[in-house]
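The values are calculated or read from the model by the stated rules, or taken from the named source; none is laboratory data. The structure presented is a predicted model; accordingly, all values stated were derived computationally and were not measured. Backbone-built Cβ (ideal geometry, glycine too); neighbour counts: all protein chains shown.
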Amino acid sequence: MARINLLPWREAERRRRQRNFFAATAAAVALVLLVGLGVRVQIDSMIAAQQSRNQLLEREIAELDQRIEKIEELEETKANLLARMDVIQQLQESRPEVVHLFDELVASIPDGVFLTAVKQSGNQVQVEGRAQSNARVSAFMRNIDASTWISKAKLLVIENKDQTGTGFSHFRLSFEQQHLDPEAAEDRRAGLPSPPGAAPG
């Protein structure tokens, strides 16, 4: 019986299988590397896109901050202008009241009384002066209470002429300045009742 040697064929088959295994392994590794590279590229692209959006948002936020600063500056300028307008309006409104105040004050001073100081704080007016007698100070206070633009006289200090050694009584009193519109002032001078809403402010 003839004997056949199969060793070379088996060795060749084993080598073929090894080559196929290495080839398949290399292909799998290459595929994994390719997929990993694709994922990495995709992630880098997503990161770059997000960074671009972040930069855009930062620029928009910076522009909004600048606009907000400008708006705040405009609001501050507006508030300052409104405050100045209020001051100007108050000055314009108070100009005739100052005239009425001094007109009424001069008209209320009786003979034998003269003033040395006048000080005003809001509606409150305080005066200091000299009088020939206490009775003339009383007359001065009655004139104030009967006046149109000033009222509520209140004696703060009085020193008799015997105490001062000057021959005059020294006094200090206060009263209130009334805020009346011209029609109410004329009605008050005429002794008529003031219409609703025209009472002293």
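Just a few scattered comments:
- Considering residues of region 127-157 that are among the hydrophobic types (A, V, I, L, M, F, W, C) and not in a strand (DSSP E or B) only, the residue nearest to the chain's Cα centre (by Cα): TRP149
- Unique residue being surrounded by 10 or more Cβ atoms within 10 Å (Cβ to Cβ), out of contact with any Gly (no Cβ under 9 Å at 6 or more places or on another chain) and over 30 Å from GLN178 (Cβ atoms) when the list is GLN89, GLN18: GLN18
- Qualifying residue in region 61-71 (condition: within 30 Å of PHE168 (Cα to Cα) and among the basic types (Lys, Arg)): no
- Residue in region 147-161 that is surrounded by 15 or more Cβ atoms within 10 Å (Cβ to Cβ), within 15 Å of LEU173 (Cβ to Cβ), among the polar types (S, T, N, Q) and at pLDDT 85 or above present: no
- The one condition in (1) without any contact (Cβ under 8 Å) to a residue 40 or more places away in the chain; (2) crowded, with 19+ Cβ neighbours inside 10 Å that PHE175 fails to fulfil: (1)
- Residues of region 93-115 that are in a strand (DSSP E or B) and modelled with pLDDT of 85 or more: VAL113, LEU115.
- Among the residues of this structure, ALA199 counts as one that is aliphatic (A, V, I, L, M), in a loop (DSSP other than H, G, I, E, B) and either farther than 14 Å from SER108 by Cα or modelled with pLDDT under 65 (or both).
- Residue within region 68-76 that is within 22 Å of ALA146 (Cα to Cα), surrounded by 10 or more Cβ atoms within 10 Å (Cβ to Cβ) and either of a type in the set (A, V, I, L, M, F, W, C) or modelled with pLDDT of 85 or more (or both) present: no
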